[in-house]
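Q: Would you mind keeping the following structure in view while I ask a few things?
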Amino acid sequence: MNDLRRRLVRSPVALVSVSILGLMLLLALFAPWVSPVDPGAIDIRTRLTPPSWMDGGSSDHVLGTDNVGRDVLSRIIHGARVSLFVGVATVLLGGIFGSVLGLIAGYFRGWVETVIMRLVDIQLAFPSILLAVAIMALVGPSMMNVVIVLSIATWAPFCRVARGQTLQVCNQEYITAAEALGLRDWTIMWRHVVPNIINPLIVVASFALATNIINEASLSFLGVGVPPSTPTWGGMLGEGRNYLRIAWWVSTLPGIALMLSVYSVNMLGDWLRDVYDPRIGD
Amino acid sequence: MSDSLPLLQASRVSVRFPTENRQTVKAVTEVSISIGRGEVFGLVGESGSGKTTLGKALLRLVAPSSGSIHFDGVDIATMGPDDLRRFRTRMQVIFQDPFGSLNPRMTVESILTEAALLVESKASLAPRLAELLDLVGLPSSSLPRHPHEFSGGQRQRICIARALAVRPEFIVADEPVSALDVSIQAQIVNLLQDLQKELGLTMLFIAHDLAVVRHISDRIGVMYLGRMMETGPADVIVSDPAHPYSKALLSAVPVPNPATRVTRQVLSGDLPSPINPPSGCVFRTRCPVAVTECSQSVPELLPVSENQSMACLMRPTGEA
């Protein structure tokens with residue numbers, strides 16, 4: 001852990017990424033306190049106000065307002081909540097589910113492995129965003145549904161990597177030694193396999209986080225994600241699209257927030273991959 | 001718990017592995033071996049001769065495809081998984097590679113604690129760990145450290161301590177010094193020898209190097225392509241081997257005296273594939289004294305003298 005911190009300080013890209021993500025996280029956590037106004041407050045009189053530095057801008061709305069006069073900055077800050085929550089929750093759910101299945105497949109081998117890995121193949125054969133859109137259209141928009149649907153789209157790569165790593169680790173003699181001691185399978189898996197496969201899985205998690213932030217935004221953009229009453233970056237992109245020529249800020253600014261977050265997560269993932277194992281990656 | 005019975009008695013043990021293209025590797029074929037309490041049995045043979053697989057089969061780390069293995073009178077070849085798990089603390093293994101056989105994420109303390117707690121109470125744990133480190137000659141400051149902080153020889157000492165932690169009666173030492181520097185090898189062999197005497201351990205000592213094995217073993221078995229070729233007292237096998245393969249193996253041992261002229265008997269050819277071993281005697285393709293009969297029937301391991309047995313048609317007295 002100390003080693004990780006030392007290497008982080010030495011890498012400017014990773015340091016910037018961590019700072020951006022840290023800022024986003026703080027904004028998301030304290031959104032109700034740091035956002036200037038209520039993100040849902042409508043005021044038709046001030047609709048499409050440009051950002052404060054432009055002609056016609058006002059200091060009441062630093063980043064301008066949207067087509068019904070809602071404050072863009074407040075909505076971006078609240079949108080960070082959704083993006084990060086959905087991203088982290090889906091990676092945790094899908095990641096743990098997939099990793100456990102991969103661990104079981106790689107450890108026990110045999111027909112269990114065959115069944116699990118065929119499921120992975122089937123899952124990977126579907127374009128995940130198409131599958132997500134289809135399911136969302138069926139179950140209807142809600143935050144919980146988005147999390148579940150995106151988790152389903154996430155588990156397969158974790159399962160693959162976990163299985164591959166488990167196969168490698170199980171070839172090591174310390175696993176045979178643990179067997180020779182007469183330890184139970186679950187003890188061997190938890191104590192001897194998991195700690196030795198966790199690093200590559202963290203790398204997979206960082207890339208899955210970036211993907212799922214984008215996927216959540218895509219679903220909201222398409223109107224099948226989080227209900228429109230909750231401000232989201234994807235939703236703002238979608239709503240602002242019609243006003244792009246007269247009020248670029250409405251969709252461009254949440255787009256920049258989205259891009260910065262995904263870029264930071266990806267950079268962090270790249271860096272983690274280099275730190276943990278230069279050979280992994282797809 | 002009869003003392004007259006050997007601690008470990010394996011008879012006609014075979015181990016076969018399926019390959020990916022539906023063939024079968026005959027790793028060990030019909031090997032019988034018996035090791036008395038407190039005895040050290042040395043197992044030699046070149047790479048691929050099935051020594052390691054036999055050692056793992058005796059510990060039931062691989063399942064034998066046929067044959068019986070009696071440990072202290074109990075057949076462990078057919079034992080169910082739960083009984084077997086409880087039985088495992090009575091027999092332990094030390095591997096060749098001290099780098100791969102220690103979990104890199106665990107400290108020495110957690111490695112030894114995990115093993116010791118299988119047989120010790122929590123209260124006796126701390127003194128037991130100290131005792132274990134003392135037995136293998138590691139400083140007590142080793143406990144909080146990770147395996148990568150140790151040298152190969154020290155790591156092998158940790159492996160030995162882990163094996164001893166469960167108070168086993170029988171230890172398979174699978175080439176425990178082959179991966180170590182020559183200067184360290186003697187230390188580890190001597191340590192194993194001391195521990196064996198001090199704790200009255202029964203041991204199967206596997207090596208491809210006769211010189212190392214003769215030093216520690218009471219009896220030696222010579223394996224070739226999955227079969228036992230010859231067994232006998234260590235000094236006899238080393239000084240007066242009967243089997244042509246043992247003779248060839250012995251003549252490959254370097255003699256540390258330049259004045260001594262040895263007639264090297266160098267084997268031609270490679271080890272045949274264990275997927276498709278030669279008919280009859282498996283050694284006949286490389287044997288200097290092979291005759292046509294050698295391809296007809298598999299020679300049994302039969303006594304040539306009181307303690308010595310070999311599997312060869314060319315009996316020393318001439319009888320077939």
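Values in this text are rule-based calculations from the coordinates and carry no lab data. All figures in this text were calculated on a predicted structure; none of them were measured in a lab. Counting neighbours? That spans all protein chains shown, and the Cβs are built from the backbone with ideal geometry, glycine included.
Q: Under the rule of -39500 (n - 2.57) per DSSP H run of 4 or more residues, summed and divided by the residues of chain A, what mean residue ellipticity at 222 nm is obtained, to the nearest 500 deg cm²/dmol?
A: That comes out to -23000 deg cm²/dmol.
Q: Using Cα atoms only, what is the angle between the long axis of helix A:249-276 and the major principal axis of chain A, expressed in degrees (0 to 90) to the nearest 10?
A: Helix A:249-276 and the main axis of chain A meet at about 20 degrees.
Q: Right, here's the next one. Using the Karplus equation 6.51 cos²θ - 1.76 cosθ + 1.60 (θ = phi - 60°), what ³J(HN,Hα) coupling, rounded to whole Hz, does each residue of segment A:132-138 give in order, writing x for Gly and Pro?
A: So the Karplus estimates, Gly and Pro as x, are 4, 4, 4, 5, 4, 4, 6 Hz.
Q: Beyond 37 Å, what percent of the Cα pairs of chain B remain?
A: Percentage above 37 Å: 19.
Q: Once you compute Rg and the Kirkwood Rh from C-alpha atoms, what is the Rg to Rh ratio for the protein assembly as shown?
A: 1.16
Q: List the lysines whose alpha-carbon lies under 18 Å from that of residue B:56, not counting same-chain residues fewer than 8 positions away?
A: Within the straight-line cut-off, residue B:56 pairs with B:26.
Q: Taking +1 at the Cβ of each Lys and Arg and -1 at the Cβ of each Asp and Glu, which of B:186, A:272, B:278 sits farthest along the dipole of the protein assembly as shown towards its positive end, judged by Cα position relative to the Cα centre?
A: Going by the charge dipole, the pick is A:272.
Q: Still on this structure, I have one more. Find the relative contact order for segment A:2-276 and round it to a whole percent, using C-alpha pairs within less than 8 Å whose residues are 6+ positions apart.
A: 23 percent
Q: Got the relative contact order for segment B:8-310 handy, in percent, Cα pairs under 8 Å and 6 or more residues apart?
A: Worked out over segment B:8-310, it gives 22 percent.
Q: In whole angstrom, note down how far apart the Cα centers of segment A:1-70 and segment B:169-216 are.
A: 67 Å
Q: Whole Å is fine, so just give me how far the alpha carbon centre of segment A:157-178 lies from that of segment A:181-213.
A: The two parts, judged by their Cα centres, are 10 Å apart.
Q: I've got another one for you. Report, in degrees rounded to the nearest 10, the 0 to 90 angle that the Cα long axis of helix A:110-125 makes with the longest principal axis of chain A.
A: Compared with the principal axis, the helix lies near 20 degrees.
Q: With springs connecting C-alpha atoms under 10 Å apart, model chain B as a Gaussian network and identify which of B:103, B:190, B:21 has the largest mean-square fluctuation.
A: Checking each option, the largest mean-square fluctuation is seen for B:21.
Q: Mind checking the angle between helix A:155-170 and chain A's longest principal axis? C-alpha axes, 0 to 90 degrees, to the nearest 10.
A: Helix A:155-170 sits roughly 30 degrees off the main axis of chain A.
Q: With both bridge residues required to lie in the protein assembly as shown, what share of the DSSP beta bridges run antiparallel, to the nearest 5%?
A: Expressed as a percentage, antiparallel bridges in the protein assembly as shown total about 60.
Q: On to the next question. Take each uninterrupted DSSP H stretch in chain B, measure its Cα extent along the helix axis, and return the ones at 24 Å or beyond whose mean Kyte-Doolittle hydropathy is at least 0.0.
A: B:182-199
Q: Report ³J(HN,Hα) in whole Hz for each residue of segment B:309-314, in order, from the Karplus equation J = 6.51 cos²θ - 1.76 cosθ + 1.60 where θ = phi - 60°; Gly and Pro get x.
A: Working through the residues one at a time gives 10, 8, 10, 7, 6, 7 Hz.
Q: In addition: Given the C-alpha centroids of segment B:1-56 and segment A:216-238, what is the distance between them in whole angstrom?
A: 66 Å
Q: Mind listing the long-range amide H neighbours of residue B:92? Cut-off is under 5 Å, sequence gap 5 or more, other chains count too, H placed in the peptide plane at 1.01 Å from N.
A: Distant-sequence amide H within range of residue B:92: B:170, B:171, B:172.
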